[in-house]
Structures are given as C-alpha cells and as structure tokens.
Amino acid sequence: MKKPSLSTARPARRTMALAGLLVIQSLAAVFFVGDAIADISLNGFNLHIILESLVAFALVLGVMFGAYEMRRTIERARRSERALAAASGALGELIETTFEAWGLTAAESEVALLTLKGFDVAEIARLRGAAAGTVRAQLTRVYSKAGVSSRAQFISLFIEDLLDGPVGATGAEGASQTAAV
Amino acid sequence: MVATEAGQEQGARGWDPLVRLTHWGVAAGVLLNGIITEGGSQIHVWIGYAAFSLLVLRLLWGFIGPEEARFSAFPPSLSAAAAHLKRVTRGEHRVYRSHNPLGGLMAYALWATLTVVALTGIAMAGSPLSEVRADEAATEYAEEGEYGEHKESQEEEAEWLEESHEFAANLLLFLAAIHVAGVGFESATSRVNLVRSMITGERRRVQNE
C-alpha cells in the first residue's frame, strides 16, 4: 500500500512548529517567572513588579493553553490519519480484487493503476521506461477486459463502487450504520 | 471500526514533537553542562535555565499531552518493573504504548535527579539577569567583615548547595548512561530502532531481520 505521505506531512510539520513555539514560550516563561521571583525577593512589591508578575503569569497560562491546543491538534491529526488509512486501504483492496477478477497481468495492473491515479499515456510510458505504443496497447487490453471503451468510463467504474457499492467491510458497515440511524 | 482496531494492533505509537524536542534539548543541556561548560560560568547557568525550562514543559506535557506522553501511561510501579524484568529474563517481549515499566521508572529517576540539579543550581546562581546584583551582594557581604557571622552561614550554605549540585549532576550522568544502555537493549529485543523513533517520531521495525 502507498504511504499517505502528503496528507500526514502537513500536520506533522504543524505540530513540530507548535512544539518549537511552546519550547520558546516556556524558556521565556521560566525566565520571567525566575526574574519576577528574584525581583520580589530583592526589592519587595511595587507597581513594576506586580506588572512583571502579571506578564509572567500570562506567559505560563499561554504555555498551558498552547500545550492543550497542541494535544488536540495531535489527536485530530491521528484520527484523520487512521480514517485515511482505512479508506485508502479499502479502496486499494477493491482495486486489487477487481484487477484480479478481470485477469489483468502484472504490467497491465500497473498501467491501470497509474491511469486511475491520473497519469496520461506519455507520463506512464516515461514512468515505466516503456514506449508509448506499448502503454497504449496495454491500456486497450485493460479497457477491453474491464468492458469499457474510454478512460472516463474506466475511472467511473470505481467511483460508482465507492458511491454505493460495498467498498470492503468498512464501507458496508458504515453504510448499514448510516441506514440504521 | 476497522480503523481503530488496526491502530490498536500497532500498539506503541511514535513520540510527538514536543516529547522529542524536550528530550533532545534536555539531553544536550545535560551533556554540555556536565562535560563541556565550566560550572558556575555564565553559559553554564544559561544552559541550565534552558534545560530546566524544557523539563518543566515536559512535566506539564505529562499532564495534558497525548496519551502515550502522559504520566498515566507509565505509572511508577516497582512491581510492574519487577514483572517486566522477569519477562525479559525469560526472553519474552511485550509491546507497550509508552515506556516499558523499567524505562518508565528510569524516566522518573532522571526527572527527579534533574529537578534536584536544576533547583540547587538556581539556588546558587539566582536569575541569570541578576548577575550584577549578585556581585553587589557579594561585595556587601565582603564589606561586612571577614569574620561576620552572616557570611559564614552563607558560605556553609553555598558549600552544601554546591556539593548536592555536583553529586546530583554526577548521578544524572550515571543514570543517563544506564538509560542509553537500556534503550540499546530494548531496541535490540523489540527490533524497533528506538533512537530513530525518538528523532523522527515514527516507530518502525528494523527492516533487515
């Protein structure tokens, strides 16, 4: 199965940035709290120190809320990661079994999969290091085995399945649950 | 749901960015201050404060972080650690969502020692900003006279602090060495490169068996 690289990279970078920000904030918070305590022990209270303590307190609160927000971000990212893995796993399974049922060869399966992913004949030829004519011939055989006559029809076969057909166990379960509700 | 089950089957999760940042930050601070910088120097104090900030942030994260970063995921338990040790000697291996019980105990030991090091350090150095004030205070004490009682008790306290600071720092380096050895052992038995997962956040099994 393909790794969901693009979709997980972004939340990962966002949480890393958040973590970096929190680190800097806590450096500042410890610094200010320490300074406020040192000032109070040296000079006692005055307006300046009260303000300084308020700033330090606000920083500490900021770190706490920032950390709480970060946990929610991490949990949200993990939930969507799981859902995505399940969905792409189900679709991948569907595609695999369908290709098998049509009796596609290994090369034909690969060309068919690249077509589903949106690559055109020239790009597939370059990716596979084959001649465009070969790819075109393979695609023709894929279409005839699938019983379709065009790329659009070929792709819509899977869209149709995704929309109402049983897409693996998850899809069926989800559909029946929705129906029950 | 299939998705949740698959997630649970994987067992242990990778570490989140905050755990990784604070871990390596503190590790770097401890190594720098324990081995390279001169005790009491300005840079030593600054690095100490930075490491202490990271420690505080990590402890805060222990209450509000994601599940595997929270203290509740690895409660300190001697009996669990003993049971784990027994399993290890029998060659059994179990996957934990967070630290294994022995590793968890080590984390608490490291944090406690680090806290002692930081607090004794802060008690000696004061705020890094108040260097000037500390100097002023020192001259004031000196002017009070060499045989002033005040100065004597001050000196005694400083000596006590310095010794605790040094003792705890040495203990910390010693514990860190055991910690590294433990990580190496766990990596070998679990076939998960734990050092890499602490860097990248991903927990992957070693490719070539």
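Enumerate the amide H contacts of residue B:192 below 5 Å, restricted to partners 5 or more residues apart or on another chain; note that Pro and chain-start residues carry no placed amide H.
HN-HN under 5 Å from residue B:192: B:206.
Using a 1.4 angstrom probe with every protein chain in place, what is the largest-first accessible-area order of A:158, A:65, B:185, A:119?
Sorted descending by solvent-accessible area, the residues read A:65, B:185, A:119, A:158.
Considering only protein heavy atoms, with the full assembly of protein chains and a 1.4 angstrom probe, order B:63, B:71, A:32 by accessible area, largest first.
Ranked from most to least accessible, the order is B:63, A:32, B:71.
Would you tell me the accessible area of residue B:87, worked out with a 1.4 angstrom probe on the heavy atoms of the protein chains, in Å² to the nearest 10?
Roll a 1.4 Å probe over it and residue B:87 shows about 40 Å².
So for B:36, A:95, B:199, A:40, what's the accessible-area order with a 1.4 Å probe, most first? Could the numbers behind the result be given before it?
Values: B:36 125, A:95 20, B:199 100, A:40 50 Å².
Ranked from most to least accessible, the order is B:36, B:199, A:40, A:95.
Shielding of A:22-35 by partners, i.e. mean partner chain Cβ atoms within 10 Å per residue?
Average per residue, whole number: 6.
The values are calculated or read from the model by the stated rules, or taken from the named source; none is laboratory data. Nothing here was measured: the structure is a model prediction, and the numbers come from that model. Note that we place each Cβ from the backbone using ideal geometry, even for glycine, and neighbour counts take in every protein chain shown. Remember, those area values only see protein heavy atoms, side chains included, never the ligands or the DNA or RNA. Shrake-Rupley method; radii C 1.70, N 1.55, O 1.52, S 1.80 Å.
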